[in-house]
1. Being without any contact (Cβ under 8 Å) to a residue 60 or more places away in the chain and in contact with a Cys (Cβ under 8 Å, 6 or more places away or on another chain) is the filter here, so list the residues in segment 35-71 that pass it.
2. Does residue 157 satisfy the criteria of being closer than 21 Å to residue 87 by Cα, open to solvent by 70 Å² or more (accessible area, probe 1.4 Å) and within 22 Å of the chain's Cα centre (by Cα)?
3. Here are some residues: 170, 162. Which one is out of contact with any Lys or Arg (no Cβ under 8 Å at 6 or more places or on another chain) and open to solvent by less than 10 Å² (accessible area, probe 1.4 Å)?
4. Please state which of the following conditions residue 180 fails to meet, knowing it meets all the rest: (1) in contact (Cβ under 8 Å) with a residue 60 or more places away in the chain; (2) open to solvent by 60 Å² or more (accessible area, probe 1.4 Å); (3) part of a loop (DSSP other than H, G, I, E, B).
5. Just the residues that are free of Cβ contacts under 8 Å to residues at least 24 places away in the same chain, in a helix (DSSP H, G or I) and under 22 Å from the mean Cα position of the chain (by Cα), please, taken from segment 190-223.
6. With respect to the numbered conditions (1) buried (at least 18 other Cβ atoms within 10 Å of the Cβ); (2) free of Cβ contacts under 8 Å to residues at least 12 places away in the same chain, which one is the sole condition not fulfilled by residue 25?
7. When you look at residue 187, is it modelled with pLDDT under 95, assigned to a helix (DSSP H, G or I), among the small types (Gly, Ala, Ser) and exposed (fewer than 15 other Cβ atoms within 10 Å of the Cβ), yes or no?
8. Return the pair list, or none, for Cβ contacts closer than 8 Å from residues in segment 107-128 that are under 16 Å from residue 15 (Cα atoms) to residues that are assigned to a helix (DSSP H, G or I) and β-branched (Val, Ile, Thr), at least 6 apart or on different chains.
Amino acid sequence: MTEVHGHHDEETDDCLDLVTIFQSLPEEDLAKISTLVSDRHFKAGEYIFSAGDPADTLTIVAHGQAKVFQIAANGREQMLRVLQTGDFDGEAALFTSKDRTSFAQALMETNVCQIHRSDFQNMMKSSPDLALNMMNAFGKRLVKMEQQTTESAVSSVEGRLANYLLETGAGLKQEQFELPLKKKDIATYLGTTPETISRKLTSLEKQGLIEKQTNSKIKIVDSDGLAMVE
């Protein structure tokens with residue numbers, strides 16, 4: 001795992017461009033925030049954070065994919081969500097102090113950018129304009145999240161699965177890949193059952209969009225077609 005601190009580079013700019021809470025900020029605010037961002041690289045299987053770590057960092061996925069999960073009382077993994085390129089975790093960490101209750105594990109080569117709470121809060125204190133802009137940006141994000149919740153209820157499981165396969169292929173930079181998640185975890189992520197995932201993979205194959213090479217190995221045959229699935 002490599003780490004590069006606090007210099008202003010394209011990767012950092014990309015990170016801030018990806019995060020909706022920063023997108024509506026003026027250029028000068030973004031320039032200030034980018035000086036606080038550190039870039040880190042994780043290999044598949046490495047932990048980005050673990051339960052018990054202080055939740056003092058906003059983590060932005062610049063490229064790749066990670067699963068966020070908890071360990072249940074019976075010792076089993078309980079998947080909470082998947083972070084793809086542009087997703088982030090821990091925005092609450094910018095404002096409140098507590099320990100993490102979940103783990104995040106890279107599912108492939110993954111680059112993340114991180115901002116520490118203390119740095120971020122010091123900047124908010126020194127720039128009332130930035131503080132106000134951030135509050136506005138958070139408000140817009142909440143509205144957008146409500147809209148997305150409605151939209152995802154409307155888009156079909158097949159559409160969400162097609163999108164997941166495209167994102168995964170893009171993250172791995174391969175048309176042909178082993179699914180980095182078990183079907184039950186994909187089902188949890190997409191809000192359905194493992195049986196439905198199996199059925200939908202068969203349906204996508206019949207439409208000539210993918211080939212199932214083994215139970216967990218997929219080849220994307222028609223990415224444009226997959227992108228059109230609703």
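The values are calculated or read from the model by the stated rules, or taken from the named source; none is laboratory data. Note that the coordinates shown come from a computational prediction; the quantities given were computed from them, not determined experimentally. Backbone-built Cβ (ideal geometry, glycine too); neighbour counts: all protein chains shown. All accessible areas refer to the heavy atoms of the entire protein, side chains included, with ligands and DNA or RNA removed. Shrake-Rupley method; radii C 1.70, N 1.55, O 1.52, S 1.80 Å.
1. Matches in segment 35-71: 59, 60, 62.
2. Numbers: closer than 21 Å to residue 87 by Cα: yes; open to solvent by 70 Å² or more (accessible area, probe 1.4 Å): no; within 22 Å of the chain's Cα centre (by Cα): yes.
No: the conditions fail for residue 157.
3. Numbers: 170 fails: open to solvent by less than 10 Å² (accessible area, probe 1.4 Å).
Answer to the selection: 162.
4. The failed condition is (2).
5. 194
6. All conditions pass for residue 25, except number (2).
7. When the stated conditions are applied, residue 187 does not pass them.
8. 113/12; 115/33; 120/33
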